[in-house]
1. Compute the semi-axes of the equivalent ellipsoid of region A:121-181, taking the square root of 5 times each eigenvalue of the Cα gyration tensor, and list them largest first in whole Å.
2. Using Cα centres only, tell me the gap between region A:35-73 and region B:26-77 in whole Å.
3. Based on the Cα gyration tensor of region A:11-54, what are the three equivalent ellipsoid semi-axes, each the root of five times an eigenvalue, rounded to whole Å and given largest first?
4. Within region A:54-69, which residues have the backbone N less than 14 Å from the label spot 7 Å out from A:Arg95 along Cα→beta-carbon, could you tell me?
5. Helix B:66-82: angle to the longest alpha-carbon principal axis of chain B, degrees 0 to 90, nearest 10?
6. For a 21 Å ceiling on Cα separation, which of these pairs sit above it: A:Lys97/A:Lys159; A:Lys159/B:Lys82; A:Lys127/A:Lys187; A:Lys159/B:Lys80; A:Lys127/A:Lys188?
7. Quick one: if you stick a label point 7 Å off each Cα along the C-beta vector at A:Ser121 and A:Ala32, how many nm between them?
Amino acid sequence: MTTDDSTNSLRLNSVDRHGRHIDPAALAAAEAVFQRALELAINLGIDYAVVANMLEEVAAEASLQLTWRAGVCEAEPIRNLPGYVFRAFERDINRLKRKEIALLDDDTPRYTLAQRWVDPSRQLEMKVLSDECLARFDFEVGDICSRWMAGYSWDEIGKIHGISGHAAELRFWNAVRRMRKQLAKRKKSLLRTTRTDPNEELKPAMRTDAQKEETSA
Amino acid sequence: MPRKKRRQPDDFNEEEFRGFLNTYLSEAFPNRQRIGCPPDSDLQRMAECPVEARDAEISEHLTYCSPCFRRYMEILAGLKRKA
């Protein structure tokens, strides 16, 4: 990924995340447009690290272009290398953004911001259950869970793990059920320890009145 | 006459759980510095063929790194489309 030098300028690696070497000219061009690329990405809500990775990838692709153009006599050289790198980056980042939007709009139900705060206690319960599941699921159930979230069918999931779709479904839901049971037990014991007699705080005379009211009702 | 114990209706909703988990993992752990993130090739390999001995660490990482989780979901979606 990126490194900062003493002048605090934005620097990139000479190898991209796929291990492709970046030509020094392409690297210099990518570093020249780094700041501009970063501004564009921030406006789109994209992470700094993603920008660096993407610029390195674009620079590696530009390096391949440079090598190819140098080997072919008729091929025109790239006149404005920083401009070329930036346009390629812009294209890739727009594609990434479109993908993100498509992923948000897919069939998988998601909460909108408004829905999320409708019932805070329910959200808290969901969060506690999610944390419990994420911490305690074993590798296989964790993988089943990821694929279930990605919209795989139980048969597709079972095939990957060498079991039937039904077995995969059972393993996953049994694990979730176990977590829910444990949480319910903990919740009950917590309630038992914190519950007090509702009339305990009342004065003796008032307590009798309150108890009388209860029995008459 | 003994009263038959009535089962409490279970308000757990699988789709709600899936939606919550998806949103939670995608947003709750930004990891802007990308600390401990595995390379894309490792995510791809785990998506194609998960092996516990090799991928356990990556699998755990996905539970606390939203960018990696989102990328992994993309890879899984891509594989699903191809299949």
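Where a number appears in this text, it was derived from the coordinates with a stated rule and is not lab data. The shown structure was predicted, so the numbers you read here are calculated from the model rather than taken from an experiment. Note that we place each Cβ from the backbone using ideal geometry, even for glycine, and neighbour counts take in every protein chain shown.
1. Values: eigenvalues 99, 25, 19 Å².
With the √(5λ) rule applied to region A:121-181, the semi-axes are 22, 11, 10 Å.
2. For region A:35-73 versus region B:26-77, the Cα centre distance is 23 Å.
3. On the way: eigenvalues 77, 31, 6 Å².
Ellipsoid half-lengths, sorted descending, are 20, 12, 6 Å.
4. Residues A:54-62 fall inside that zone.
5. With both axes taken from Cα atoms, the answer is about 90 degrees.
6. A:Lys97/A:Lys159
7. 6.3 nm
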